[in-house]
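What follows is one structure encoded as structure tokens, with my remarks underneath.
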Amino acid sequence: MLEHYQKNGFFLQEVNPTLKLFSVLIVIFFMVPVFDPWTPLLMLIITLTLIIFLGGISPGFLFKILIPFSFFAFSFIWINVVFPSDRGDTVLFFIGSMPVALENVLTGLSLGLRSLLFISWSLLFVLTTEPTKLMLSLIQHCKLPPRFGYGMMAAYRFLPLFRQELEQIRAAHRIRGLGEPRGIKDKIRESKMVIIPLMAGAIRKAERVAIAMESKGFDGSRERTYYHAVPWTKKDMFFGIFLFILYAGLTAIRVRFVI
């Protein structure tokens with residue numbers, strides 16, 4: 001599912017991964033000094049719209065991911081209402097004998113929406129960026145040493161292999177009559193039995209990849225050519241212009257109506 005979205009060819013998938021990565025950092029930098037709830041709310045709506053319409057991400061899939069993070073965001077509201085550093089003056093209602101002030105609710109909303117915004121923009125990056133394309137972009141445009149970039153790509157490719165090996169080990173145990181683990185003790189015993197074979201396989205794979213990379217010149221000592229280039233395109237320019245207009249507009253709105 002994730003790889004399907006990362007390769008579906010919508011606008012955001014075609015934007016340079018380096019630019020999208022820096023856009024996440026820009027969002028964090030822009031939102032850190034913001035303490036009103038309206039700016040992160042507007043940014044959150046815009047971000048979700050971008051993910052759905054320019055990233056081709058299913059709304060149902062996106063909201064399923066955001067549900068657990070929504071409870072995390074709500075915790076900010078609850079903490080600021082129940083344990084505020086300074087109780088506000090505008091009391092809305094009482095929970096038992098505890099007053100709930102408007103100022104504390106707004107502060108909690110600001111922090112909660114800001115956390116959801118950071119998560120949503122991170123999802124925009126993760127759901128629309130191929131890991132291989134990201135590493136190539138960092139190598140070509142951010143001067144990441146090839147041995148580190150290609151090493152991380154190789155490690156990422158190992159993850160599904162480890163899952164397959166784990167299933168094979170468990171199947172071999174069942175064939176030998178060990179059965180399914182029941183209870184905590186059986187799961188701990190099974191973990192001890194699968195860790196050593198998995199570690200041995202990982203070490204063998206790492207040695208083979210290291211030898212292969214060294215034989216092909218991945219030592220960082222010379223300039224390389226690339227079979228797959230990740231160039232800058234007009235879509236990157238449009239995305240950058242959009243970010244500039246978005247932040248300039250939000251800044252103007254905050255100065256005029258919020259601050």
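The values are calculated or read from the model by the stated rules, or taken from the named source; none is laboratory data. Model, not experiment: these values are computed from the prediction. Methodologically, a virtual Cβ is constructed for each residue, glycine included, from the backbone with ideal geometry; neighbour enumeration extends over all protein chains shown.
Out of Ile57, Ile67, Ile52, I need the residue that is part of a loop (DSSP other than H, G, I, E, B) and at pLDDT 90 or above. Which one?
Working: Ile67 fails: part of a loop (DSSP other than H, G, I, E, B); Ile52 fails: part of a loop (DSSP other than H, G, I, E, B).
None of the others qualify; the one that does is Ile57.
Give the residues of region 228-259 that are in a loop (DSSP other than H, G, I, E, B) and closer than 16 Å to Glu14 by Cα, sorted by residue number. I'd like the intermediate steps shown before the answer.
First, the residues of region 228-259 that are in a loop (DSSP other than H, G, I, E, B): 228-233, 259.
Hits for region 228-259 are His228, Ala229, Val230, Pro231, Trp232, Thr233.
In region 92-125, what residues are without any contact (Cβ under 8 Å) to a residue 60 or more places away in the chain and within 17 Å of the chain's Cα centre (by Cα)?
Ser115, Ile119
Any residue at all in region 200-207 that is in a helix (DSSP H, G or I) and either modelled with pLDDT under 75 or surrounded by fewer than 10 Cβ atoms within 10 Å (Cβ to Cβ) (or both)?
First, the residues of region 200-207 that are in a helix (DSSP H, G or I): 200-207.
Still in the list and also either modelled with pLDDT under 75 or surrounded by fewer than 10 Cβ atoms within 10 Å (Cβ to Cβ) (or both): none.
Checked against the condition, which is being in a helix (DSSP H, G or I) and either modelled with pLDDT under 75 or surrounded by fewer than 10 Cβ atoms within 10 Å (Cβ to Cβ) (or both), region 200-207 yields no hits at all.
Does region 6-28 include one or more residues that are within 14 Å of Leu116 (Cα to Cα), at pLDDT 85 or above and polar (S, T, N, Q)? Step through it out loud before you land on a result.
The first filter runs over region 6-28 and keeps only residues within 14 Å of Leu116 (Cα to Cα), leaving 24, 27-28.
Add one more test, that the residue is at pLDDT 85 or above, and what stays is 24, 27-28.
Remaining after also requiring polar (S, T, N, Q): none.
No, that holds for no residue.
Restricting to region 1-43, name every residue that is under 16 Å from Ala248 (Cα atoms) and touching a residue at least 60 places away in the same chain (Cβ under 8 Å).
Ser23, Ile26, Val27, Ile28, Phe30, Met31, Val34, Trp38, Thr39, Pro40, Leu42, Met43
Between Leu12, Leu48, which is under 19 Å from Trp232 (Cα atoms) and buried (at least 17 other Cβ atoms within 10 Å of the Cβ)?
On the way: Leu48 fails: under 19 Å from Trp232 (Cα atoms).
Answer to the selection: Leu12.
Give all pairs with beta carbons closer than 9 Å in which a residue from region 71-86 that is assigned by TED's automatic domain parsing to the domain that holds Gly108 and over 14 Å from Asn104 (Cβ atoms) meets a residue that is of a type in the set (D, E, K, R) and surrounded by 12 or more Cβ atoms within 10 Å (Cβ to Cβ); count only pairs at least 6 apart in sequence or on separate chains.
Sorted first by the residue in region 71-86, then by its partner, the pairs are Ala73/Arg114.
Are there any pairs, at least 6 apart or on different chains, whose C-beta atoms fall under 9 Å, with the first in region 233-245 and free of Cβ contacts under 8 Å to residues at least 12 places away in the same chain and the second aliphatic (A, V, I, L, M) and in a helix (DSSP H, G or I), and if so, which?
Matching pairs, first to second residue: Phe242/Leu50.
Which one of the conditions (1) surrounded by fewer than 14 Cβ atoms within 10 Å (Cβ to Cβ); (2) farther than 19 Å from Ser23 by Cβ does Cys142 fail to meet, given that it meets all the rest?
Every condition holds for Cys142 apart from (2).
For residues in region 27-37 being among the hydrophobic types (A, V, I, L, M, F, W, C) and under 22 Å from Phe63 (Cβ atoms), which is surrounded by the fewest Cβ atoms within 10 Å (Cβ to Cβ)? Outline the logic, then answer.
Within region 27-37, the subset among the hydrophobic types (A, V, I, L, M, F, W, C) is 27-32, 34-35.
If we keep only those that are under 22 Å from Phe63 (Cβ atoms) too, we end up with 27, 31.
Numbers: Val27: 23, Met31: 20.
The qualifying residue surrounded by the fewest Cβ atoms within 10 Å (Cβ to Cβ) is Met31.
Quick one: is Leu111 over 22 Å from Val34 (Cβ atoms) and either of a type outside the set (S, T, N, Q) or modelled with pLDDT of 90 or more (or both)? I'd like the intermediate steps shown before the answer.
Details: over 22 Å from Val34 (Cβ atoms): no; either of a type outside the set (S, T, N, Q) or modelled with pLDDT of 90 or more (or both): yes.
So Leu111 fails the test.
Checking Ile175 against (1) of a type in the set (A, V, I, L, M); (2) at pLDDT 75 or above; (3) in contact with a helix residue (DSSP H, G or I) (Cβ under 8 Å, 6 or more places away or on another chain), only one condition comes out false. Which one?
Unmet condition: (3).
Restricting to region 137-146, and then to whatever is assigned to a helix (DSSP H, G or I) and in contact with a helix residue (DSSP H, G or I) (Cβ under 7 Å, 6 or more places away or on another chain), can you tell me which residue is modelled with the highest pLDDT?
In the first step, residues of region 137-146 are kept if they are assigned to a helix (DSSP H, G or I); the result is 137-141, 146.
From what's left, in contact with a helix residue (DSSP H, G or I) (Cβ under 7 Å, 6 or more places away or on another chain): 137-139, 141, 146.
Numbers: Ser137: 88, Leu138: 85, Ile139: 82, His141: 85, Pro146: 74.
The selected residue is Ser137.
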